[in-house]
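Q: Before I ask anything, here is the structure I am working with.
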There are 2 protein chains.
Amino acid sequence: MAATFADPAEAREQEEGLVFRPRFDAHGLVTAVVTDHETGRPLMVAHMNAEALATTIETGFAHYWSRSRQTLWKKGETSGALQSVRGIRVDCDQDAIWLSVTSAKPEDTCHTSRITCFYRKFDFESRTLVHSSS
Amino acid sequence: MAATFADPAEAREQEEGLVFRPRFDAHGLVTAVVTDHETGRPLMVAHMNAEALATTIETGFAHYWSRSRQTLWKKGETSGALQSVRGIRVDCDQDAIWLSVTSAKPEDTCHTSRITCFYRKFDFESRTLVHSSS
């Protein structure tokens with residue numbers, strides 16, 4: 001599909017304008033932060049190229065670019081954990097996207113079979129990680 | 001300061017282990033997602049090199065790596081919007097960090113003088129951005 005967006009502009013237009021001008025990096029990617037629409041909890045961080053972003057907008061289902069596999073990736077296509085996009089926000093310089101989603105299979109949001117990829121917290125005392133879903 | 005972390009390991013250890021093994025990219029950076037400790041709201045996305053991450057852990061104040069200025073950046077050092085780190089989580093493959101913070105000056109979290117960098121949402125109908133703080 002056609003995946004064209006307006007080019008990034010000078011800082012003021014990029015920050016205050018109402019034209020969507022995603023600033024793709026040297027690899028053609030923006031960072032996507034994904035949160036659960038109901039709880040607001042961060043679920044994962046992924047990357048989108050123009051095609052992934054355009055396909056997400058067209059279909060309403062989150063698509064990402066897999067950097068490891070170098071391919072467009074419809075989230076949940078294999079696991080069933082499809083993500084319906086409930087809202088999209090963009091940050092000040094438009095190089096990060098925030099997706100608020102509802103997952104069709106929350107327990108498989110992470111490929112490790114968890115509701116979020118952020119299932120470990122850093123313990124400041126021991127300087128190790130601690131498993132925690134809360 | 002010394003900024004040493006364990007090296008990334010094979011997938012299972014990286015995903016299930018309790019050793020903190022941040023996976024810095026080719027530029028020596030991990031992605032940091034920053035949320036408000038009280039509301040859970042995403043505030044910003046930034047990047048950390050090993051020094052920024054180690055300094056954040058040592059001091060309890062969020063430090064990032066400025067890609068544009070190529071320098072360590074103590075968030076709020078100029079604006080006063082210092083971020084006290086209330087929690088750190090890491091994602092499955094340890095290339096993204098989630099910081100939960102309390103800002104000393106929330107209204108200057110974004111350099112555009114807003115409480116979050118995500119102050120515009122994408123309107124699916126018009127395909128433009130809409131200013132919105134909620």
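Q: For B:Lys105, which lysines qualify as cross-link partners when the Cα separation must be under 24 Å and same-chain residues fewer than eight apart are set aside?
A: Result set, ordered by chain and number: B:Lys74, B:Lys75, B:Lys121.
Q: Loop-only check: which trypsin sites (Lys or Arg not before Pro) in region A:93-134 are DSSP coil with at most 12 other Cβ within 10 angstrom? Before the final figure, lay out each step's value.
A: Details: sites: A:Arg114, A:Arg120, A:Lys121, A:Arg127; in loops: A:Arg127.
Here the sparse-neighbourhood loop sites are A:Arg127.
Q: Where in region B:77-134 are there GluC sites (Glu not before Pro) that are in a DSSP coil and have at most 14 other Cβ atoms within 10 angstrom of their Cβ? Working shown, then result.
A: Values: sites: B:Glu77, B:Glu107, B:Glu125; in loops: B:Glu77, B:Glu125.
Answer by residue number: B:Glu77, B:Glu125.
Q: Report in % the part of the accessible area of the protein assembly as shown that belongs to carbon and sulfur, leaving out ligands and nucleic acids; probe 1.4 Å.
A: Values: 6170 of 12470 Å².
Using a 1.4 Å probe with all protein chains present, the protein assembly as shown comes out at 49 percent carbon and sulfur.
Q: Please give the charge dipole size of chain B, origin at the Cα centre, charges +1 on K and R Cβ atoms and -1 on D and E Cβ atoms. Round to the nearest 20 debye. List each step's numbers first, then the result.
A: Values: 15 positive and 18 negative charges, 114 e Å.
Taking the Cα centre of chain B as origin, the dipole is about 540 debye.
Q: If you don't mind, another one. If you count only protein heavy atoms with a 1.4 Å probe, what accessible area per residue comes out for the protein assembly as shown, rounded to a whole Å²?
A: Details: 12470 Å² over 268 residues.
Accessible surface, normalised per residue, equals 47 Å².
Q: Relative contact order, percent, of region B:11-131 when contacts are C-alpha pairs under 8 Å separated by at least 6 residues? Show your work: numbers first, answer last.
A: On the way: 231 pairs, mean separation 28.6, N = 121.
The normalised contact order for region B:11-131 reaches 24 percent.
Q: Another question, then. Take the alpha carbon atoms of chain A, find their radius of gyration, then divide it by 2.2 N^0.38 Å using N residues; give the quotient. The partial results should precede the final answer.
A: Details: Rg = 15.9 Å, N = 134, 2.2 N^0.38 = 14.1 Å.
So the Cα radius of gyration is 1.13 times the expected 2.2 N^0.38 Å.
Q: Rank by packing, highest mean first: peptides B:5-12, B:22-29, with packing defined as the count of other Cβ atoms within 10 Å averaged across residues.
A: B:22-29, B:5-12
Q: Let me ask another. What does the charge add up to near B:Ile57, with Lys and Arg as +1, Asp and Glu as -1, over the other residues with Cβ less than 12 Å from its Cβ?
A: Numbers: positive: A:Arg127; negative: A:Asp123, A:Glu125, B:Glu51, B:Glu58.
Once all neighbours under 12 Å are counted, the net charge is -3.
Q: Tell me the mean residue ellipticity at 222 nm calculated for the protein assembly as shown from its helices only (DSSP H runs of n ≥ 4, each -39500 (n - 2.57), averaged over every residue, nearest 500).
A: Numbers: 4 runs with 32 residues, N = 268.
After summing the helix terms and dividing by the residues of the protein assembly as shown, the value is -3000 deg cm²/dmol.
Q: Between copies, how far apart are the A:Ser68 label points? List them in nm, one decimal, shortest first, with each point 7 Å from Cα toward Cβ, please?
A: Spelled out, the distances from A:Ser68's label point are 3.3 nm.
Q: Expressed as a rounded percentage, what relative contact order does region A:15-73 have, with Cα pairs under 8 Å and six or more residues apart? Please list the in-between numbers first.
A: Working: 72 pairs, mean separation 13.0, N = 59.
Rounded, it is 22 percent for region A:15-73.
Q: Here is a further query. Over both sides of the A-B contact, add up the buried accessible area with a 1.4 Å probe and give it to the nearest 100 Å².
A: Numbers: alone 8310 and 8320 Å², together 12470 Å².
When A and B are taken together, about 4200 Å² of accessible area is lost.
Q: Kindly identify residues of region B:26-59 having a loss of at least 40 Å² in accessible area between the isolated chain and the assembly of all protein chains, probe radius 1.4 Å.
A: B:Val33, B:Pro42, B:Val45, B:Ile57
Q: Also, quick follow-up: What does the charge add up to near B:Val101, with Lys and Arg as +1, Asp and Glu as -1, over the other residues with Cβ less than 15 Å from its Cβ? Can you show the working numbers first?
A: Values: positive: A:Lys121, B:Arg41, B:Lys74, B:Lys75, B:Arg86, B:Arg89, B:Lys105; negative: B:Asp36, B:Glu38, B:Glu77, B:Glu107, B:Asp108.
Net local charge, B:Val101 excluded: +2.
Q: Taking Cα atoms, how many degrees apart are the long axis of helix A:50-59 and the longest axis of chain A, rounded to 10 and kept between 0 and 90?
A: Around 80 degrees separate the two axes.
Q: Further, regarding this structure: Taking the Cβ-Cβ separation of A:Ser79 and A:Arg23 as r and a Förster radius of 25 Å, what is the calculated FRET efficiency to the nearest 0.05? Write out the running numbers ahead of the final one.
A: Details: r = 30 Å, r/R0 = 1.22.
Once the sixth-power term is evaluated, E becomes 0.25.
Q: Rg/Rh for the protein assembly as shown to two decimals, with Rh computed the Kirkwood way over all alpha-carbon pairs. Please report the intermediate quantities before stating the final value.
A: Numbers: Rg = 17.6 Å, Rh = 18.7 Å.
Expressed as Rg/Rh, it is 0.94.
Q: Once amide H atoms are placed 1.01 Å from N in the peptide plane, what residues at a sequence separation of 5 or more from B:Lys105, or on another chain, have their amide H within under 5 Å of its amide H?
A: B:Leu82
Q: Using Cα pairs under 8 angstrom and six or more residues apart, how large is the relative contact order of region B:61-134, in percent? List each step's numbers first, then the result.
A: Details: 108 pairs, mean separation 13.3, N = 74.
Rounded, it is 18 percent for region B:61-134.
Q: Add +1 for every Lys or Arg and -1 for every Asp or Glu among the other residues with Cβ under 14 Å from the Cβ of A:Thr71, and state the total. Present the calculation step by step, with values, prior to reporting the outcome.
A: Values: positive: A:Arg67, A:Arg69, A:Lys74, A:Lys75; negative: A:Glu51, A:Glu77.
Spelling it out: positives minus negatives among the neighbours equals +2.
Q: Could you go through region B:77-89 in sequence order and give the Karplus-derived ³J(HN,Hα) for each residue, using 6.51 cos²θ - 1.76 cosθ + 1.60 with θ = phi - 60°, rounded to whole Hz, and x for Gly and Pro?
A: 4, 8, 7, x, 7, 5, 10, 7, 7, 9, x, 10, 10
Q: What's the center-to-center distance, using Cα atoms, between region A:35-93 and region B:26-44 in Å?
A: One Cα centre to the other: 17 Å.
The values are calculated or read from the model by the stated rules, or taken from the named source; none is laboratory data. The model shown is predicted, which means the values in this text are computed figures rather than measured ones. Neighbour counts are summed over all protein chains in view; Cβ atoms, including those assigned to glycine, are modelled from backbone coordinates with ideal geometry. When the accessible area is computed, the model is the full protein with side chains, heavy atoms only, and any ligands, DNA or RNA have been set aside. Shrake-Rupley method; radii C 1.70, N 1.55, O 1.52, S 1.80 Å.
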